[in-house]
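The values are calculated or read from the model by the stated rules, or taken from the named source; none is laboratory data. Small disclaimer: the values here were computed from a predicted structure and weren't measured. Methodologically, a virtual Cβ is constructed for each residue, glycine included, from the backbone with ideal geometry; neighbour enumeration extends over all protein chains shown.
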Amino acid sequence: MKKRVTFGSRIGVILATVGCAVGLGNIWRFPYMLGVNGGAAFLLIYIGCIIILGLPVMLTEFFIGRHSRKNAAGAFKVMAPGTVWSVIGYNGVLAAFLILGFYFVVAGWTLEYIVQAASGSLNGKSATEFATEFSDFSSSVFRPIMWTVIFIAFTHFVIISGVKNGIERASKVLMPVLFLILIILCVRSVTLPNAEAGLSFLFNPDFSKINSSVILSGMGQAFFSLSVGMGCLITYSSYFGKETNLQRTALEVTVLDSLVALLAGVIIFPAVFSFGIEPTAGPELVFITLPNVFSQLPFGSLWSFIFYVLLALAALTSTISLHEVATAYVHEEYHMIRSRAALIVSLDTVVFAVISSLSLGILKEYTIFGLTFFDFLDYVTAKIMLPFGGMLICIFVGTRVDRKILKAELTNEGTVPFYFFNTYSFFMKYIAPVAIGLVFLNELGLINLITSQFK
Ligand code: PFF
């Protein structure tokens, strides 16, 4: 049998997996979600979901991936042959396609803003001009699609270069640069006048803001940000070596991912408040408010340039991982050479991404459940498919896998201690699936319905 490729080093494992988790979700989606969901209260829900749900699901995905050494769908075929459990894998592969459909569009916007920052055209504009320019740009036909296709081409190039030379090598360079840029921007932002108002919005919770939709959004954000629930981490961990410490890797990735989201909040909110901008601007937040903010700072274009390069790099390491979920699936399940599998995935995502970009402009009138195609893709993946996938992953391992096998894999055959194995297994088996199920029921209004019967 041909030996399956693995990442070459421990640091490669960490950086590639952090690269997969850290992305637009942390720097674009987290601040705007926090802004529209009332600030610090959302942060608490998000962190709660990371610890209670995200971390156990991540470890469970690592178990499945390294144990089966397969892609997201193949893993379930090996571990539970001839059963319906492979639906978890198909849910994940489909989610990867759908996420890429809107993710590549936003990634494309970052390229437009890098070019604008570099050419100095973000200088000397008013807040309204920035807002109009963004909406003109994002609703136009040609430029956003051009950038999206260029971004898909970059991703495609890394993917066809393979696991070690492509994914691992790119992540080793990109992730440290990203951290460095984040720290510089944080220092810049917290030293702005009135920075405290932004920090208080971020860290001072108003509990009256919490309702079922904020909880669903917080849970969706936790899953999206950690890349859990869709088999991405199953795919990546199938490339981990025998000696990789799964527990430590899960903890490190979770901490680093949450740290990047927090740093993004610390960059964005002091700046937003310092310049009197609305934190509830929505998906445009990063694109409308920040150029405005940066342009009022000394060396404004330079700050904008650095920031959008950072965003593009973070996006790239995540599009690579999403693409890999689909490519590994097509490559292994259809016995196709890797480059052809990658091409099929790239061409398919071009179609999704083009429609989703146009749905912000000429196709705006065509909505699904009242959402544009772009918003629909975001909603259905982050708030439904990922938590649902996470719930099934836990139920699968909780009911189908022998505890001894689980423990042996998570302790590298007993060579690494796992002090909290019972706690982990309790959370994975009972707390996570029940909590996710309750959030769904609550959002659907079913809990209200049931409790009203007893009043
Ligand atoms: N976690 C990525 C982000 O925060 O941008 C997005 C993502 C990547 C989600 C990979 C899911 C995934 F499988």
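Take the conditions within 16 Å of the ligand (Cβ to nearest atom), more than 28 Å from Ile51 (Cα to Cα), in a helix (DSSP H, G or I) and in contact (Cβ under 8 Å) with a residue 12 or more places away in the chain and apply them to Thr327. Does it pass?
Details: within 16 Å of the ligand (Cβ to nearest atom): yes; more than 28 Å from Ile51 (Cα to Cα): yes; in a helix (DSSP H, G or I): yes; in contact (Cβ under 8 Å) with a residue 12 or more places away in the chain: yes.
Spelling it out, Thr327 is indeed within 16 Å of the ligand (Cβ to nearest atom), more than 28 Å from Ile51 (Cα to Cα), in a helix (DSSP H, G or I) and in contact (Cβ under 8 Å) with a residue 12 or more places away in the chain.
List the number of the failed condition for Pro205; all other conditions in (1) over 15 Å from Glu443 (Cβ atoms); (2) assigned to a helix (DSSP H, G or I) hold.
That leaves (2) as the condition not met.
If I ask for residues that are of a type in the set (Asp, Glu) and over 24 Å from the mean Cα position of the chain (by Cα), which ones from the stretch 322-357 would you list? Spell out the reasoning first.
From the stretch 322-357, those of a type in the set (Asp, Glu) are 324, 332-333, 348; that's our starting set.
Passing the criteria: Glu332, Glu333.
Return the residues of the stretch 38-63 that are among the aliphatic types (A, V, I, L, M) and more than 14 Å from the ligand (Cβ to nearest atom); say none if nothing qualifies.
Looking only at the stretch 38-63, we keep the residues that are among the aliphatic types (A, V, I, L, M), and these are 40-41, 43-45, 47, 50-53, 55, 57-59.
Matches in the stretch 38-63: Ala40, Ala41, Leu43, Leu44, Ile45, Ile47, Ile51, Ile52, Leu53, Leu55, Leu59.
Any idea which of Ala281, Ala312 is within 16 Å of the ligand (Cβ to nearest atom) and within 23 Å of the chain's Cα centre (by Cα)?
Ala312
In the stretch 66-115, how many are within 30 Å of Ser295 (Cα to Cα), touching a residue at least 40 places away in the same chain (Cβ under 8 Å) and not β-branched (Val, Ile, Thr)?
Applying the first criterion (within 30 Å of Ser295 (Cα to Cα)) to the stretch 66-115 yields 102-115.
With the extra rule that they be touching a residue at least 40 places away in the same chain (Cβ under 8 Å), the set shrinks to 102-111, 113-114.
Next cut, not β-branched (Val, Ile, Thr) only: 102-104, 107-109, 111, 113.
Total meeting the criteria: 8.
Every residue, every condition in (1) within 16 Å of the ligand (Cβ to nearest atom); (2) touching a Leu at 6+ places or on another chain (Cβ under 8 Å), yes or no:
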position: Ile183; (1), (2): no, yes
position: Val187; (1), (2): no, no
position: Ala195; (1), (2): no, no
position: Gly198; (1), (2): no, no
position: Asp206; (1), (2): no, no
position: Ile215; (1), (2): no, no
position: Ser227; (1), (2): yes, yes
position: Met230; (1), (2): yes, yes
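Please go through the stretch 20-37 and pick out each residue that is more than 8 Å from the ligand (Cβ to nearest atom) and more than 14 Å from Leu182 (Cβ to Cβ).
If the condition is that a residue be more than 8 Å from the ligand (Cβ to nearest atom) and more than 14 Å from Leu182 (Cβ to Cβ), then Tyr32, Met33, Leu34, Gly35, Val36, Asn37 are the ones that fit.
Quick one: Glu413 ticks every box in (1) of a type outside the set (A, V, I, L, M); (2) more than 16 Å from the ligand (Cβ to nearest atom); (3) in a helix (DSSP H, G or I) bar one, so which box is it?
So the condition that Glu413 fails would be (3).
Among Glu284, Glu252, which is of a type outside the set (A, V, I, L, M), farther than 26 Å from Glu129 by Cβ and touching a residue at least 12 places away in the same chain (Cβ under 8 Å)?
Glu252
On the given criteria, is Leu360 within 23 Å of the chain's Cα centre (by Cα) and part of a loop (DSSP other than H, G, I, E, B)?
Working: within 23 Å of the chain's Cα centre (by Cα): yes; part of a loop (DSSP other than H, G, I, E, B): yes.
Answer is yes for this residue.
Considering every residue within the stretch 368-381, establish whether at least one is in contact with a helix residue (DSSP H, G or I) (Cβ under 6 Å, 6 or more places away or on another chain), more than 22 Å from Ser138 (Cα to Cα) and charged (D, E, K, R).
no
Which one is nearest to Gly241 (Cα to Cα), of the residues in the stretch 416-455 that are modelled with pLDDT of 85 or more and outside any helix (DSSP H, G or I)?
Checked the stretch 416-455; the qualifying residue nearest to Gly241 (Cα to Cα) is Val416.
Look through Ile152, Ile159, Ile183 and report the one residue that is assigned to a helix (DSSP H, G or I), surrounded by fewer than 22 Cβ atoms within 10 Å (Cβ to Cβ) and not hydroxyl-bearing (Ser, Thr, Tyr). Explain how you work it out, then say what you get.
Numbers: Ile152 fails: surrounded by fewer than 22 Cβ atoms within 10 Å (Cβ to Cβ); Ile159 fails: surrounded by fewer than 22 Cβ atoms within 10 Å (Cβ to Cβ).
Of the residues listed, the single one that is assigned to a helix (DSSP H, G or I), surrounded by fewer than 22 Cβ atoms within 10 Å (Cβ to Cβ) and not hydroxyl-bearing (Ser, Thr, Tyr) is Ile183.
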